[in-house]
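Trainee: Input: one structure, supplied below.
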Amino acid sequence: MVIFRCLLRGHCCKKYWIPVTHLDLLRIELYTSIKIYPKMLNLYEVSLYEDLSYPHVVFGGEKYFLALNSKEDGSCLFLSPNGRCSIHPYKPLVCRFYPFVYSEKEDNIEIELNDNAIGECPGIILNGRPIPEDVKKSLSILARARILELKMWDDVAMQWNASSYSKKNFDDVGSIFIDFIMKFAREDMKKLREMKLWIP
C-alpha cells in the first residue's frame, strides 16, 4: 500500500493547524529548552470543527481546541525558513503520526494511510503493498501512548474548565493557564514513565 519516509520539506506544517496537549508542550520545554509562553499558543473554536473529537479548554465561557500558533503565512510556529521542523525529534505526537491515522478496534489499533495525505505528502510512495509490519508496530506503540495522553489531557482540561479562570479570556490568564497545565504535565510524565509509556 505505502512506503513513507519524511523528506523534511514541511508541506504538512504549512497546511494544518497543530492541536497540542499539555504533554506535547512539556516535551518541547524539556528537550529543546524553549520556554512555553502564551503567544506560542492559539485557540480554535470548537463550534467551527464539530467533527473533531478532541479535548477542549474553556476561556471566557467559550470552548476551544488548544494548538500551536502559526506564522503570518499560516505555517507552524516551529517551521524553519529552510522548510524543516526546528523541533523535529520532539514535535507533538499528532505530527509524528502524519501521514498515517489510527483507530481503536476493541483491543487492537489499526493503522492506515490518511487519505488526505495522498498526493500532498511528497514522502509517500504508493506501491500496492501493505504498510510494513515494523512501521505498523512502531505506530501502534505511538498510538497507545497518544490515546492515554489524550485521556490525561482531557482530565486536565476538565479541571481547568471547572476553575474560575475559565470564565476569563486567554489574553488575561494565558500565563496562569500554562503554569496550570504544565504542573499536571510533569505529574503525568512521571506516571507514564512508571508505566514505561513516556515518549520523549
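Trainee: Cys6 - would you say it is touching a residue at least 12 places away in the same chain (Cβ under 8 Å) and either over 13 Å from the mean Cα position of the chain (by Cα) or on the phi > 0 side of the Ramachandran plot (or both)? Give the derivation first.
Mentor: Details: touching a residue at least 12 places away in the same chain (Cβ under 8 Å): yes; either over 13 Å from the mean Cα position of the chain (by Cα) or on the phi > 0 side of the Ramachandran plot (or both): yes.
Judged against the criteria, Cys6 is a match.
Trainee: Would you pick out the residues in region 85-100 that are surrounded by fewer than 17 Cβ atoms within 10 Å (Cβ to Cβ) and of a type in the set (A, V, I, L, M, F, W, C)?
Mentor: Phe97
Trainee: Could you grab me the full set of residues in region 153-200 that are among the polar types (S, T, N, Q) and without any contact (Cβ under 8 Å) to a residue 60 or more places away in the chain?
Mentor: Step one: of region 153-200, the residues among the polar types (S, T, N, Q) are 159, 161, 163-164, 166, 169, 175.
Residues satisfying the conditions are Gln159, Ser163, Ser164.
Trainee: Quick test for you: out of Ser140, Ser103, pick the one residue that is in a strand (DSSP E or B), of a type in the set (Ser, Thr, Tyr), at negative phi and surrounded by fewer than 18 Cβ atoms within 10 Å (Cβ to Cβ).
Mentor: Values: Ser140 fails: in a strand (DSSP E or B).
When all the criteria are applied, what remains is Ser103.
Trainee: A further question follows. Quick one: in region 25-40, of everything that is under 18 Å from Ile176 (Cα atoms) and among the charged types (D, E, K, R), which residue is nearest to the chain's Cα centre (by Cα)?
Mentor: In this case the residue turns out to be Glu29.
Trainee: May I ask you to verify whether Ile111 is of a type in the set (Val, Ile, Thr), farther than 22 Å from Phe65 by Cα and out of contact with any Ser or Thr (no Cβ under 9 Å at 6 or more places or on another chain)?
Mentor: Numbers: of a type in the set (Val, Ile, Thr): yes; farther than 22 Å from Phe65 by Cα: yes; out of contact with any Ser or Thr (no Cβ under 9 Å at 6 or more places or on another chain): no.
Considered against the rule, which asks whether it is of a type in the set (Val, Ile, Thr), farther than 22 Å from Phe65 by Cα and out of contact with any Ser or Thr (no Cβ under 9 Å at 6 or more places or on another chain), Ile111 comes out as no.
Trainee: Another question, if that's okay. Just a yes or no: is a residue in region 91-98 part of a loop (DSSP other than H, G, I, E, B), of a type in the set (D, E, K, R) and more than 13 Å from the chain's Cα centre (by Cα)?
Mentor: Step one: of region 91-98, the residues part of a loop (DSSP other than H, G, I, E, B) are 91-92, 98.
From the residues that got through so far, the ones that are of a type in the set (D, E, K, R) too are 91.
Still in the list and also more than 13 Å from the chain's Cα centre (by Cα): none.
No, region 91-98 has no match at all.
Trainee: Quick check on my filter: what residues within region 115-136 are surrounded by fewer than 16 Cβ atoms within 10 Å (Cβ to Cβ) and either at positive phi or not acidic (Asp, Glu) (or both)?
Mentor: First, the residues of region 115-136 that are surrounded by fewer than 16 Cβ atoms within 10 Å (Cβ to Cβ): 115-116, 118-120, 122, 125-130, 132-135.
Result: Asn116, Ile118, Gly119, Pro122, Ile125, Leu126, Asn127, Gly128, Arg129, Pro130, Pro132, Val135.
Trainee: With the requirement that a residue be out of contact with any helix residue (DSSP H, G or I) (no Cβ under 8 Å at 6 or more places or on another chain) and over 19 Å from Ile176 (Cα atoms), what does region 53-67 give you?
Mentor: Ser53
Trainee: For region 87-104, give me each residue that is in contact with a Phe, Trp or Tyr (Cβ under 7 Å, 6 or more places away or on another chain) and free of Cβ contacts under 8 Å to residues at least 12 places away in the same chain.
Mentor: none
Trainee: Then there is this: Can you spot a residue in region 163-180 that is farther than 23 Å from Glu62 by Cβ, out of contact with any strand residue (DSSP E or B) (no Cβ under 6 Å at 6 or more places or on another chain) and at pLDDT 95 or above?
Mentor: We begin by selecting, within region 163-180, every residue farther than 23 Å from Glu62 by Cβ; these are none.
Looking through region 163-180, none of the residues is farther than 23 Å from Glu62 by Cβ, out of contact with any strand residue (DSSP E or B) (no Cβ under 6 Å at 6 or more places or on another chain) and at pLDDT 95 or above.
Trainee: Taking the condition of being surrounded by 17 or more Cβ atoms within 10 Å (Cβ to Cβ) and within 20 Å of Asp171 (Cβ to Cβ), how many residues in region 23-43 meet it?
Mentor: The qualifying residues number 6.
Trainee: Every residue in region 159-200 that is farther than 23 Å from Thr32 by Cα, touching a Pro at 6+ places or on another chain (Cβ under 8 Å) and of a type in the set (A, V, I, L, M), please.
Mentor: Once the filter is applied, which keeps residues that are farther than 23 Å from Thr32 by Cα, touching a Pro at 6+ places or on another chain (Cβ under 8 Å) and of a type in the set (A, V, I, L, M), region 159-200 yields nothing.
The values are calculated or read from the model by the stated rules, or taken from the named source; none is laboratory data. For clarity, every value in this text was computed on a predicted model and none was experimentally measured. Neighbour counts are summed over all protein chains in view; Cβ atoms, including those assigned to glycine, are modelled from backbone coordinates with ideal geometry.
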